[in-house]
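Structure first, then comments.
Read-outs throughout are calculated quantities, based only on the coordinates presented, and are distinct from any laboratory measurement. Just so you know, these numbers come straight off a predicted model, no measurement behind them. Using ideal geometry, Cβ is built from the backbone for each residue, glycine included, and neighbour counts are taken over all protein chains shown.
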Amino acid sequence: MLAALDPPPLLPSPLQEIHDERFAGRGIRLLLKRDDLIHPRVPGNKWRKLVPNLRAAVEGGHTALLTFGGAYSNHLRATAAAGRMLGLATVGVVRGDELARRPLNPSLARCAADGMALRFVSRSDYRRRRDPDFAERVLGGSAATRTAREAFRIPEGGSNSLAVHGCTALGEELRGRTDVAAVACGTGGTLAGLAAGLGPGQRALGVPVLRGGFLAGDIRELQRRTFGGPRGTWRLDERFHFGGYARSDPQLEEFARDFERRHSLPPLERIYVAKLLFALTTLADEGAFAPGSTVTAVVTGPR
Ligand SMILES: *Cc1c(COP(=O)(O)O)cnc(C)c1O
């Protein structure tokens, strides 16, 4: 099955040392875990989360994938691309029926170009997405509904137990390499798996990009469903959402541009990765990391 996802993935992903005075000046080594380089069309944590789901879908004899996301969802885009490569139909349920009356943004246009059937639903209907009869009730009597009924269902952001298991490999690749492994969080599925995969004495740090304070509970629940209980050592720092999902401000934008220039990096993904690196730089300045320690930022995707 994986052979269809051409080119082959770059795994384990590269670990890159960065010389940044804001860390080095405090005796901290900064590494980037370049998951953004895993695959051009199914990048970053989306590869780690989706592949076990794709395998289950194919082995279960499904011919379609049904999944859910917001207007800028990297998960929808990766699912559409993977579905196309594997010859699986894809249906993407998008939060916000007002979007149906507007031109597609570049992210959704990419989904459509990969053959994903997009269905825009109101926020109240979107909240019912876990109902077993969601497809019939909300999607109407279209061909997409018939496809969706037979489809392998992947939850919003792709975070189910298969995905959390997939992300343990990220932690395993970092065993013995770092003291802290930091990741930006949407649903928290990546952090749940990362923390479980790390070795003794290593800690995971999550930086939520949404406001709300609900994430720690979600992560505990994901670990309970996946492993039967808590795994690994992790904590969240909830100060760096910049107003919420896909929100930014000039300070964050300037930080990201400067970081790219200083280290000759490709454009940083803005929704997650820029906030993570901003958070780590602030924490280093606050003295949150012991001198002599190594901190690894997981670059969960490309821009
Ligand atoms: C989806 C995504 C995340 C969030 O992952 P979760 O497992 O939902 O926390 C982080 N970074 C990037 C680049 C993403 O695309």
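Using just the alpha carbons, could you tell me how many Å³ per residue the convex hull of segment 63-150 encloses?
Enclosed volume per residue, from the Cα hull, is 83 Å³.
Restricting attention to segment 192-295, which chymotrypsin sites (Phe, Trp or Tyr not before Pro) occupy a DSSP loop and are surrounded by at most 12 other Cβ atoms within 10 Å?
In loop regions of segment 192-295 (DSSP not H, G, I, E or B), the sparsely surrounded chymotrypsin sites (Phe, Trp or Tyr not before Pro) are Phe214.
In debye to the nearest 20, how big a dipole does segment 170-303 give about its Cα centre with +1 on each Lys and Arg Cβ and -1 on each Asp and Glu Cβ?
Charge dipole of segment 170-303: 320 debye, to the nearest 20.
Just to confirm the number: angle between the C-alpha axis of helix 250-263 and the first principal axis of the chain, 0 to 90 degrees, nearest 10?
70
Past the 35 angstrom mark, what percentage of all C-alpha to C-alpha distances in the chain do you count?
Cα-Cα pairs in the chain separated by more than 35 Å: 17 percent.
For the chain, with only Lys/Arg (+1) and Asp/Glu (-1) charged at the beta-carbon, what is the dipole magnitude about the Cα centre, in debye rounded to 20?
540
Calculate how steeply helix 74-86 sits against the longest principal axis of the alpha-carbon atoms of the chain, using the helix alpha-carbon long axis, and give the answer as 0 to 90 degrees to the nearest 10.
Result, in degrees: 60.
Find which of Pro302, Gly27, Leu265 sits farthest along the positive direction of the dipole of the chain, computed with +1 on the beta-carbon of Lys and Arg, -1 on that of Asp and Glu, about the Cα centre.
Of the candidates, Pro302 comes out farthest on the positive side.
May I ask you to list the trypsin sites (Lys or Arg not before Pro) in segment 193-297 that are in a DSSP loop and have at most 11 other Cβ atoms within 10 Å of their Cβ?
Answer in residue order: Arg239.
Please give the helix 161-173 orientation as an angle from the longest Cα principal axis of the chain, in degrees from 0 to 90, rounded to the nearest 10.
That works out to roughly 30 degrees.
Show the residues, 5+ positions off or on another chain, whose built amide H is closer than 5 Å to the amide H of Leu118.
It is Gly92, by chain and number.
Got a sec? Charge dipole of the chain, +1 on Cβ for Lys and Arg, -1 for Asp and Glu; which of Asn45, Ala279, Ala82 is way out at the positive end?
Ala82
Compute, for segment 1-119, the length of the dipole vector about the Cα centre, with Cβ point charges of +1 (Lys, Arg) and -1 (Asp, Glu) only. Units Debye, rounded to 20.
200
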